[in-house]
Amino acid sequence: MTEKDYYEILEVSKSASGEEIKKSFRRLAMQYHPDRNPGNKEAEARFKEINEAYEVLKDEQKRAAYDRYGHAAFANGGMGAGGGFGGFNFDFGGGAGGFADIFSEVFSEFMGGGRGRQKSYAQRGQDVRYNMTITLEEAFSGLEKEITLPSSETCETCHGHGTKDGKEAPVCTQCGGSGKVRLQQGFFVVEQTCPQCKGTGRVVKDACPDCKGKGFISKNKTIKVKIPAGIEDGTRMRIEGGGEAGIRGGANGDLYIFVSVKEHKLYEREGANLYTRIPISMCCAALGGKVEIPSIDGSKLEIDISAGSQSDQVVKVKGQGMTMVRSERRGDLFVKLRVETPVNLSARQKELLEEFRSISKEDSCQPESKSFFDKIKDLFAA
(Lines give C-alpha, C1' and ligand atoms only; values in the text may rest on other atoms or scores of the structure.)
Protein backbone atom coordinates (compact mmCIF):
# COMPACT_ATOMS: atom_id res chain seq x y z
CA MET A 1 0.00 0.00 0.00
CA THR A 2 1.28 3.44 -0.85
CA GLU A 3 1.45 6.21 1.75
CA LYS A 4 0.95 8.97 -0.83
CA ASP A 5 -2.18 11.09 -0.79
CA TYR A 6 -4.77 9.45 -3.02
CA TYR A 7 -6.14 12.79 -4.20
CA GLU A 8 -2.67 13.91 -5.25
CA ILE A 9 -2.09 10.62 -7.05
CA LEU A 10 -5.25 11.13 -9.11
CA GLU A 11 -4.48 14.86 -9.50
CA VAL A 12 -7.85 16.01 -8.15
CA SER A 13 -8.96 18.14 -5.21
CA LYS A 14 -10.55 16.66 -2.07
CA SER A 15 -13.86 18.24 -3.12
CA ALA A 16 -13.81 16.58 -6.56
CA SER A 17 -16.98 14.86 -7.68
CA GLY A 18 -17.13 11.17 -8.49
CA GLU A 19 -17.28 11.97 -12.18
CA GLU A 20 -14.17 14.18 -11.95
CA ILE A 21 -12.30 11.41 -10.13
CA LYS A 22 -13.36 8.88 -12.74
CA LYS A 23 -12.32 11.18 -15.61
CA SER A 24 -8.90 11.84 -14.10
CA PHE A 25 -8.38 8.13 -13.44
CA ARG A 26 -9.15 7.23 -17.04
CA ARG A 27 -6.71 9.85 -18.32
CA LEU A 28 -3.87 8.76 -16.03
CA ALA A 29 -4.52 5.04 -16.57
CA MET A 30 -4.16 5.52 -20.31
CA GLN A 31 -0.97 7.55 -19.81
CA TYR A 32 0.81 5.09 -17.53
CA HIS A 33 -0.61 1.77 -18.74
CA PRO A 34 2.18 -0.86 -19.16
CA ASP A 35 1.18 -1.48 -22.77
CA ARG A 36 2.05 2.12 -23.53
CA ASN A 37 5.24 2.03 -21.46
CA PRO A 38 6.85 -1.38 -22.05
CA GLY A 39 9.74 -2.08 -19.69
CA ASN A 40 9.24 1.20 -17.79
CA LYS A 41 9.25 0.26 -14.07
CA GLU A 42 8.40 3.80 -12.94
CA ALA A 43 5.31 3.88 -15.17
CA GLU A 44 4.29 0.44 -13.86
CA ALA A 45 4.58 1.61 -10.25
CA ARG A 46 2.64 4.79 -11.06
CA PHE A 47 -0.07 2.69 -12.73
CA LYS A 48 -0.45 0.59 -9.56
CA GLU A 49 -0.71 3.73 -7.40
CA ILE A 50 -3.39 5.16 -9.68
CA ASN A 51 -5.41 1.93 -9.48
CA GLU A 52 -5.03 1.77 -5.68
CA ALA A 53 -6.15 5.38 -5.25
CA TYR A 54 -9.12 4.98 -7.53
CA GLU A 55 -10.26 1.76 -5.82
CA VAL A 56 -10.69 3.77 -2.62
CA LEU A 57 -11.98 7.11 -3.94
CA LYS A 58 -14.55 5.64 -6.33
CA ASP A 59 -16.37 4.00 -3.39
CA GLU A 60 -18.33 6.42 -1.18
CA GLN A 61 -17.83 4.42 2.04
CA LYS A 62 -14.12 3.87 1.46
CA ARG A 63 -13.66 7.51 0.47
CA ALA A 64 -15.44 8.71 3.61
CA ALA A 65 -13.26 6.48 5.78
CA TYR A 66 -10.13 7.68 4.00
CA ASP A 67 -11.14 11.34 4.38
CA ARG A 68 -11.57 10.81 8.17
CA TYR A 69 -8.74 8.43 9.06
CA GLY A 70 -6.39 8.48 6.05
CA HIS A 71 -4.45 5.33 5.27
CA ALA A 72 -5.00 4.08 8.80
CA ALA A 73 -8.57 3.23 7.82
CA PHE A 74 -7.28 0.32 5.77
CA ALA A 75 -4.42 -0.87 7.98
CA ASN A 76 -4.41 -4.16 9.90
CA GLY A 77 -7.25 -5.76 7.98
CA GLY A 78 -9.37 -2.64 8.03
CA MET A 79 -11.98 -1.68 5.52
CA GLY A 80 -11.17 -2.86 2.02
CA ALA A 81 -8.19 -5.00 3.06
CA GLY A 82 -7.49 -8.06 0.96
CA GLY A 83 -5.49 -9.28 -2.00
CA GLY A 84 -4.46 -7.43 -5.10
CA PHE A 85 -2.29 -4.39 -5.62
CA GLY A 86 -0.99 -2.90 -2.39
CA GLY A 87 -3.34 -5.02 -0.25
CA PHE A 88 -6.52 -3.95 -2.05
CA ASN A 89 -9.08 -6.27 -3.51
CA PHE A 90 -9.61 -4.98 -7.06
CA ASP A 91 -12.90 -5.97 -8.63
CA PHE A 92 -11.79 -7.48 -11.94
CA GLY A 93 -15.04 -9.33 -12.27
CA GLY A 94 -16.88 -6.64 -14.18
CA GLY A 95 -19.42 -5.70 -11.54
CA ALA A 96 -21.16 -2.35 -11.72
CA GLY A 97 -18.54 0.35 -11.38
CA GLY A 98 -15.77 -2.25 -11.10
CA PHE A 99 -12.26 -1.76 -12.39
CA ALA A 100 -12.92 -3.97 -15.42
CA ASP A 101 -15.69 -1.62 -16.56
CA ILE A 102 -13.48 1.41 -16.21
CA PHE A 103 -10.51 -0.26 -17.88
CA SER A 104 -12.78 -1.41 -20.70
CA GLU A 105 -13.64 2.22 -21.37
CA VAL A 106 -9.99 3.25 -21.17
CA PHE A 107 -8.96 0.46 -23.51
CA SER A 108 -11.74 1.42 -25.89
CA GLU A 109 -10.45 5.00 -26.10
CA PHE A 110 -6.89 3.75 -26.53
CA MET A 111 -8.04 1.58 -29.46
CA GLY A 112 -9.97 4.39 -31.10
CA GLY A 113 -13.52 4.04 -29.85
CA GLY A 114 -16.05 1.34 -29.12
CA ARG A 115 -19.69 0.57 -28.84
CA GLY A 116 -21.81 3.64 -28.31
CA ARG A 117 -19.67 5.93 -30.45
CA GLN A 118 -21.24 5.75 -33.86
CA LYS A 119 -19.06 5.68 -36.90
CA SER A 120 -19.53 8.73 -39.09
CA TYR A 121 -22.31 7.95 -41.55
CA ALA A 122 -20.89 9.87 -44.48
CA GLN A 123 -17.39 8.71 -45.35
CA ARG A 124 -14.77 10.37 -47.51
CA GLY A 125 -13.75 8.59 -50.71
CA GLN A 126 -10.34 7.01 -51.23
CA ASP A 127 -7.43 9.04 -52.61
CA VAL A 128 -6.07 7.96 -56.00
CA ARG A 129 -2.48 8.02 -57.31
CA TYR A 130 -1.64 8.51 -60.98
CA ASN A 131 1.89 8.34 -62.42
CA MET A 132 2.50 10.68 -65.37
CA THR A 133 5.64 10.73 -67.53
CA ILE A 134 6.45 13.81 -69.64
CA THR A 135 9.36 14.97 -71.80
CA LEU A 136 11.82 17.66 -70.81
CA GLU A 137 10.35 19.89 -73.54
CA GLU A 138 6.89 19.47 -71.99
CA ALA A 139 8.31 20.27 -68.57
CA PHE A 140 9.84 23.44 -70.07
CA SER A 141 6.67 24.71 -71.74
CA GLY A 142 3.98 23.14 -69.55
CA LEU A 143 0.95 21.37 -70.96
CA GLU A 144 -2.68 20.49 -70.46
CA LYS A 145 -3.33 16.77 -70.70
CA GLU A 146 -6.40 14.58 -70.48
CA ILE A 147 -6.00 11.45 -68.40
CA THR A 148 -8.42 8.54 -68.00
CA LEU A 149 -8.34 6.45 -64.87
CA PRO A 150 -10.56 3.82 -63.24
CA SER A 151 -12.64 5.49 -60.55
CA SER A 152 -16.10 5.59 -59.02
CA GLU A 153 -19.00 7.97 -58.71
CA THR A 154 -21.91 8.26 -56.30
CA CYS A 155 -24.89 6.12 -57.29
CA GLU A 156 -27.63 8.47 -58.42
CA THR A 157 -30.39 5.93 -57.77
CA CYS A 158 -29.81 5.66 -54.03
CA HIS A 159 -27.92 8.95 -53.55
CA GLY A 160 -24.97 7.04 -52.15
CA HIS A 161 -26.89 5.31 -49.33
CA GLY A 162 -26.87 1.87 -50.95
CA THR A 163 -30.52 1.32 -50.06
CA LYS A 164 -33.40 0.48 -52.37
CA ASP A 165 -35.52 3.42 -51.14
CA GLY A 166 -32.61 5.87 -51.27
CA LYS A 167 -32.76 6.61 -47.54
CA GLU A 168 -30.15 6.19 -44.83
CA ALA A 169 -29.48 2.60 -43.82
CA PRO A 170 -30.42 1.75 -40.20
CA VAL A 171 -27.76 1.65 -37.51
CA CYS A 172 -26.29 -1.78 -36.82
CA THR A 173 -27.90 -3.24 -33.69
CA GLN A 174 -24.89 -5.39 -32.80
CA CYS A 175 -22.24 -2.65 -32.58
CA GLY A 176 -24.47 0.38 -32.11
CA GLY A 177 -23.09 1.99 -35.24
CA SER A 178 -19.42 1.95 -34.18
CA GLY A 179 -18.42 -0.76 -36.65
CA LYS A 180 -16.53 -2.59 -33.87
CA VAL A 181 -17.41 -5.02 -31.10
CA ARG A 182 -15.46 -5.77 -27.93
CA LEU A 183 -14.97 -9.15 -26.33
CA GLN A 184 -13.90 -9.03 -22.69
CA GLN A 185 -12.32 -11.84 -20.71
CA GLY A 186 -11.45 -10.68 -17.23
CA PHE A 187 -8.79 -8.00 -17.46
CA PHE A 188 -8.29 -8.32 -21.22
CA VAL A 189 -10.41 -6.66 -23.90
CA VAL A 190 -10.25 -7.59 -27.58
CA GLU A 191 -11.76 -5.30 -30.19
CA GLN A 192 -12.68 -6.54 -33.66
CA THR A 193 -14.70 -5.57 -36.72
CA CYS A 194 -18.42 -6.07 -36.27
CA PRO A 195 -19.43 -9.26 -38.15
CA GLN A 196 -22.94 -8.00 -38.82
CA CYS A 197 -22.20 -4.70 -40.57
CA LYS A 198 -18.62 -5.55 -41.67
CA GLY A 199 -17.32 -2.41 -39.97
CA THR A 200 -19.62 0.10 -41.68
CA GLY A 201 -21.85 0.75 -38.66
CA ARG A 202 -24.95 0.39 -40.86
CA VAL A 203 -26.88 -2.57 -42.23
CA VAL A 204 -28.42 -2.37 -45.70
CA LYS A 205 -31.39 -4.74 -45.70
CA ASP A 206 -32.83 -3.96 -49.15
CA ALA A 207 -29.94 -3.09 -51.44
CA CYS A 208 -30.08 -0.64 -54.33
CA PRO A 209 -30.41 -2.64 -57.57
CA ASP A 210 -27.92 -0.43 -59.43
CA CYS A 211 -25.00 -0.31 -57.01
CA LYS A 212 -25.82 -3.53 -55.10
CA GLY A 213 -25.72 -1.69 -51.78
CA LYS A 214 -22.26 -0.15 -52.19
CA GLY A 215 -23.48 3.42 -52.69
CA PHE A 216 -21.16 4.00 -55.65
CA ILE A 217 -20.68 2.73 -59.20
CA SER A 218 -17.31 1.92 -60.77
CA LYS A 219 -16.68 4.06 -63.83
CA ASN A 220 -13.72 5.38 -65.79
CA LYS A 221 -13.16 9.09 -65.29
CA THR A 222 -11.48 11.55 -67.67
CA ILE A 223 -9.83 14.60 -66.11
CA LYS A 224 -7.95 17.52 -67.64
CA VAL A 225 -4.68 18.09 -65.84
CA LYS A 226 -2.68 21.29 -66.23
CA ILE A 227 1.06 20.81 -65.81
CA PRO A 228 2.79 24.13 -65.07
CA ALA A 229 5.85 25.22 -67.04
CA GLY A 230 9.08 24.50 -65.20
CA ILE A 231 7.78 21.50 -63.25
CA GLU A 232 10.54 19.26 -61.88
CA ASP A 233 10.96 15.51 -61.88
CA GLY A 234 9.29 13.88 -58.84
CA THR A 235 6.78 16.68 -58.26
CA ARG A 236 3.49 15.61 -56.66
CA MET A 237 0.33 17.46 -57.71
CA ARG A 238 -2.94 17.30 -55.76
CA ILE A 239 -6.33 17.66 -57.43
CA GLU A 240 -8.96 18.12 -54.74
CA GLY A 241 -12.03 15.90 -55.23
CA GLY A 242 -10.47 14.02 -58.13
CA GLY A 243 -10.32 10.68 -56.30
CA GLU A 244 -12.90 8.01 -55.50
CA ALA A 245 -16.49 8.97 -54.77
CA GLY A 246 -17.48 9.45 -51.14
CA ILE A 247 -19.74 6.92 -49.46
CA ARG A 248 -23.23 7.85 -48.27
CA GLY A 249 -22.86 11.48 -49.23
CA GLY A 250 -19.27 11.91 -48.09
CA ALA A 251 -16.74 14.07 -49.91
CA ASN A 252 -14.72 12.65 -52.78
CA GLY A 253 -11.11 11.67 -52.20
CA ASP A 254 -8.26 13.54 -53.87
CA LEU A 255 -6.21 12.69 -56.94
CA TYR A 256 -2.43 12.78 -56.57
CA ILE A 257 -0.38 13.00 -59.76
CA PHE A 258 3.30 12.06 -59.53
CA VAL A 259 5.24 13.60 -62.41
CA SER A 260 8.32 11.94 -63.90
CA VAL A 261 10.45 13.70 -66.54
CA LYS A 262 12.16 11.51 -69.16
CA GLU A 263 15.90 11.67 -69.72
CA HIS A 264 16.83 13.92 -72.63
CA LYS A 265 19.20 13.02 -75.47
CA LEU A 266 21.08 16.32 -75.32
CA TYR A 267 20.42 18.03 -72.00
CA GLU A 268 20.76 17.25 -68.32
CA ARG A 269 18.89 19.34 -65.80
CA GLU A 270 19.77 20.68 -62.37
CA GLY A 271 17.04 22.91 -61.05
CA ALA A 272 16.43 25.63 -63.62
CA ASN A 273 19.81 25.16 -65.36
CA LEU A 274 20.61 22.91 -68.30
CA TYR A 275 23.91 21.19 -69.07
CA THR A 276 25.22 19.65 -72.26
CA ARG A 277 28.49 18.60 -73.90
CA ILE A 278 29.29 19.17 -77.57
CA PRO A 279 32.25 18.17 -79.79
CA ILE A 280 34.07 20.88 -81.77
CA SER A 281 36.76 20.52 -84.40
CA MET A 282 40.40 21.32 -83.74
CA CYS A 283 40.20 24.17 -86.22
CA CYS A 284 37.10 25.61 -84.54
CA ALA A 285 38.81 25.40 -81.17
CA ALA A 286 41.94 27.13 -82.49
CA LEU A 287 40.34 29.76 -84.70
CA GLY A 288 36.95 30.21 -83.03
CA GLY A 289 33.59 29.89 -84.68
CA LYS A 290 29.94 29.02 -84.11
CA VAL A 291 28.17 25.72 -83.40
CA GLU A 292 24.42 25.36 -83.85
CA ILE A 293 22.38 23.13 -81.49
CA PRO A 294 18.63 22.70 -80.86
CA SER A 295 17.36 24.78 -77.93
CA ILE A 296 14.98 23.34 -75.35
CA ASP A 297 12.31 25.77 -76.57
CA GLY A 298 12.43 24.27 -80.09
CA SER A 299 14.42 27.02 -81.77
CA LYS A 300 18.00 26.85 -83.09
CA LEU A 301 20.69 28.14 -80.78
CA GLU A 302 24.15 29.33 -81.89
CA ILE A 303 27.00 28.78 -79.45
CA ASP A 304 29.94 31.18 -79.86
CA ILE A 305 33.29 29.39 -79.62
CA SER A 306 36.22 31.63 -78.70
CA ALA A 307 39.55 31.20 -80.47
CA GLY A 308 41.90 29.05 -78.44
CA SER A 309 39.14 27.09 -76.66
CA GLN A 310 40.24 23.95 -74.83
CA SER A 311 38.56 20.63 -74.03
CA ASP A 312 36.32 20.73 -70.95
CA GLN A 313 36.02 24.49 -71.20
CA VAL A 314 32.49 25.59 -70.28
CA VAL A 315 30.54 28.20 -72.19
CA LYS A 316 27.67 29.82 -70.28
CA VAL A 317 24.63 30.98 -72.26
CA LYS A 318 22.40 33.13 -70.04
CA GLY A 319 18.64 32.68 -70.11
CA GLN A 320 18.66 29.51 -72.22
CA GLY A 321 17.85 27.05 -69.43
CA MET A 322 14.52 25.81 -68.05
CA THR A 323 11.48 27.91 -67.27
CA MET A 324 11.07 28.74 -63.59
CA VAL A 325 7.70 27.77 -62.08
CA ARG A 326 5.33 30.74 -61.79
CA SER A 327 7.94 33.09 -63.24
CA GLU A 328 8.90 34.56 -66.60
CA ARG A 329 12.58 33.98 -65.86
CA ARG A 330 14.67 31.13 -67.19
CA GLY A 331 17.77 29.40 -65.94
CA ASP A 332 21.08 29.27 -67.83
CA LEU A 333 22.64 26.81 -70.25
CA PHE A 334 26.15 25.47 -69.61
CA VAL A 335 27.95 23.95 -72.61
CA LYS A 336 31.09 21.91 -72.06
CA LEU A 337 33.39 21.73 -75.10
CA ARG A 338 35.18 18.60 -76.27
CA VAL A 339 37.91 19.28 -78.84
CA GLU A 340 38.01 16.45 -81.35
CA THR A 341 41.30 15.30 -82.85
CA PRO A 342 40.93 14.66 -86.60
CA VAL A 343 41.32 11.07 -87.85
CA ASN A 344 41.58 9.40 -91.30
CA LEU A 345 43.57 12.31 -92.72
CA SER A 346 44.25 12.62 -96.43
CA ALA A 347 47.81 13.05 -97.69
CA ARG A 348 47.22 16.78 -98.26
CA GLN A 349 45.82 17.22 -94.73
CA LYS A 350 48.82 15.47 -93.23
CA GLU A 351 51.15 17.66 -95.31
CA LEU A 352 49.50 20.84 -94.05
CA LEU A 353 49.62 19.68 -90.44
CA GLU A 354 53.29 18.81 -90.77
CA GLU A 355 53.93 22.27 -92.16
CA PHE A 356 51.95 23.81 -89.28
CA ARG A 357 53.98 21.83 -86.76
CA SER A 358 57.27 22.90 -88.28
CA ILE A 359 56.46 26.60 -88.11
CA SER A 360 54.75 26.53 -84.69
CA LYS A 361 56.50 27.78 -81.61
CA GLU A 362 55.53 25.97 -78.41
CA ASP A 363 55.94 29.13 -76.27
CA SER A 364 53.38 31.08 -78.28
CA CYS A 365 50.66 28.74 -79.51
CA GLN A 366 50.81 25.93 -76.93
CA PRO A 367 51.36 27.63 -73.55
CA GLU A 368 49.94 24.76 -71.52
CA SER A 369 52.39 22.28 -73.05
CA LYS A 370 55.31 24.63 -72.41
CA SER A 371 54.28 25.10 -68.78
CA PHE A 372 53.97 21.35 -68.28
CA PHE A 373 57.34 20.46 -69.74
CA ASP A 374 59.02 23.27 -67.82
CA LYS A 375 57.77 21.70 -64.60
CA ILE A 376 59.20 18.25 -65.41
CA LYS A 377 62.47 19.48 -66.97
CA ASP A 378 64.43 18.62 -63.83
CA LEU A 379 63.20 15.02 -63.99
CA PHE A 380 64.82 14.56 -67.40
CA ALA A 381 68.09 16.03 -66.07
CA ALA A 382 68.13 13.46 -63.29
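The values are calculated or read from the model by the stated rules, or taken from the named source; none is laboratory data. As the structure is a prediction and not an experimental result, all values here were calculated from the model. Glycine also receives a Cβ, built like all others from the backbone with ideal geometry; neighbour counts cover every protein chain displayed. Calculation scope for accessible area: heavy atoms of the full protein, side chains included, ligands and nucleic acids excluded. Shrake-Rupley method; radii C 1.70, N 1.55, O 1.52, S 1.80 Å.
Please give the contour-minus-distance gain from H159 to L301: 0.36 nm per residue of separation, less the Cα-Cα distance, rounded to one decimal in nm. Provide the component values of the computation, followed by the final result.
Details: separation 142, 0.36 × 142 = 51.12 nm, distance 5.89 nm.
Stretched out fully, the H159 to L301 stretch lengthens by 45.2 nm.
How about segment 297-327: which trypsin sites (Lys or Arg not before Pro) there are in a DSSP loop, with at most 10 other Cβ atoms within 10 Å of their Cβ? Write out the running numbers ahead of the final one.
Details: sites: K300, K316, K318, R326; in loops: K318, R326.
Qualifying residues, ordered by number: K318, R326.
Output the pairs from K350/K375; K14/K48; K316/K350; K265/K318; K167/K221 with a Cα-Cα distance over 25 Å in this structure; if there are none, say none.
Working: K350/K375 31 Å; K14/K48 20 Å; K316/K350 34 Å; K265/K318 21 Å; K167/K221 27 Å.
Long pairs (Cα-Cα over 25 Å): K350/K375; K316/K350; K167/K221.
Tally Lys and Arg at +1 and Asp and Glu at -1 over the other residues with C-beta under 14 Å from the C-beta of Y256: what net charge comes out? Could you put the intermediate results ahead of the total?
Working: positive: R129, R236, R238; negative: D127, E240, E244, D254.
Neighbourhood net charge equals -1.
Would you kindly find the accessible area of S309, with a 1.4 Å probe and non-protein molecules such as ligands, DNA and RNA excluded, rounding to the nearest 10 Å²?
10
Can you compute 3J(HN,Hα) from phi for each residue in segment 292-297, using the Karplus curve 6.51 cos²θ - 1.76 cosθ + 1.60 with θ = phi - 60°, rounded to whole Hz and x for Gly and Pro?
So the J values, rounded to whole Hz, are 9, 10, x, 7, 5, 8.
Efficiency by 1/(1 + (r/R0)^6): what FRET value for I293 and D127, r their Cβ-Cβ distance, R0 = 35 Å, to the nearest 0.05?
Details: r = 43 Å, r/R0 = 1.22.
Result of the calculation: an efficiency of 0.25.
Quick one: putting +1 on the C-beta of Lys and Arg, -1 on the C-beta of Asp and Glu, what dipole do you get for segment 294-345 around its Cα centre, in Debye to the nearest 20?
Details: 8 positive and 7 negative charges, 47 e Å.
The calculation lands at about 220 debye.
Given 10 °C and 1.306 mPa s, compute D for segment 240-371 with the Stokes-Einstein relation, Rh being the Kirkwood radius over Cα pairs; round to the nearest whole µm²/s. Spell out each step's value before the answer.
Values: Rh = 19.1 Å.
The diffusion coefficient I find is 83 µm²/s.
To the nearest 0.05, how large is the calculated FRET efficiency for T341 and E268 if R₀ is 22 Å and r is the Cβ-Cβ distance? List each step's numbers first, then the result.
Details: r = 25 Å, r/R0 = 1.14.
That gives a FRET efficiency of 0.30.
Report the label-to-label distance for N37 and E60 in nanometres (one decimal), using points 7 Å from each Cα along the Cα→Cβ vector.
The two pseudo-label positions are separated by 3.3 nm.
Taking a spot 7 Å from the Cα of E144 along the direction of its beta carbon, which residues of segment 227-268 have an amide N less than 14 Å from it?
It comes to 227-229, nothing else.
How long, wide and thick is segment 253-306, going by the Cα atoms along their three principal axes, in whole angstroms, largest first?
Cα spread of segment 253-306 along its principal axes, largest to smallest: 63, 18, 17 Å.
If you plug each phi of segment 301-311 into the Karplus form 6.51 cos²θ - 1.76 cosθ + 1.60 with θ = phi - 60°, what whole-Hz ³J(HN,Hα) values come out, in order, with x for Gly and Pro?
Once θ is set to phi - 60°, the couplings for segment 301-311 become 10, 8, 9, 7, 9, 6, 4, x, 5, 10, 4 Hz.
Leaving ligands and nucleic acids out of the surface, order L352, L143 by accessible area at 1.4 Å, largest first. Don't skip to the answer; put the middle values down first.
Working: L352 80, L143 35 Å².
My answer, sorted largest first, is L352, L143.
Return the aspartates and glutamates within reach of K41: Cα separation strictly under 19 angstrom, same-chain partners fewer than 8 residues apart disregarded; answer none if there are no such residues.
Cross-link targets: E3, E49, E52.
Quick one: order I217, I231 from most to least accessible surface, probe 1.4 Å. Spell out each step's value before the answer.
Numbers: I217 65, I231 5 Å².
Ranked list, largest accessible area first: I217, I231.
Out of the GluC sites (Glu not before Pro) in segment 125-230, which ones are loop residues according to DSSP with at most 13 other C-beta atoms within 10 Å?
Working: sites: E137, E138, E144, E146, E153, E156, E168, E191; in loops: E156, E168.
In loop regions of segment 125-230 (DSSP not H, G, I, E or B), the sparsely surrounded GluC sites (Glu not before Pro) are E156.
Mind giving me the nanometre distance, one decimal, between the label points for S218 and L183, set 7 Å out from Cα along Cα→Cβ?
It works out to 3.2 nm between the two label points.
Could you tell me the calculated FRET efficiency between E168 and Q192, based on Cβ-Cβ distance and R0 = 22 angstrom, to the nearest 0.05?
Numbers: r = 25 Å, r/R0 = 1.14.
Efficiency at R0 = 22 Å is approximately 0.30.
Treat each spin label as a single point 7 Å out from the Cα along the C-beta direction, and report the C365 to S13 distance in nm.
If labels sit at C365 and S13, their model points lie 10.2 nm apart.
Summarise the accessible area of segment 143-229 (1.4 Å probe, protein heavy atoms) by the percent that is carbon and sulfur. Don't skip to the answer; put the middle values down first.
Numbers: 2650 of 5200 Å².
Carbon and sulfur together cover 51 percent of it.
All other residues with a Cβ under 13 Å from the Cβ of K4 taken together, and with Lys, Arg as +1 and Asp, Glu as -1, what is their net charge? Present the calculation step by step, with values, prior to reporting the outcome.
Working: positive: R46, K48; negative: E3, D5, E8, E11, E49, E52.
Around K4, the surrounding residues sum to -4.
Below 8 Å, C-alpha to C-alpha, sequence gap of six or more: please give me the relative contact order for segment 194-329 in percent.
Working: 152 pairs, mean separation 24.6, N = 136.
Reported relative contact order: 18 percent.
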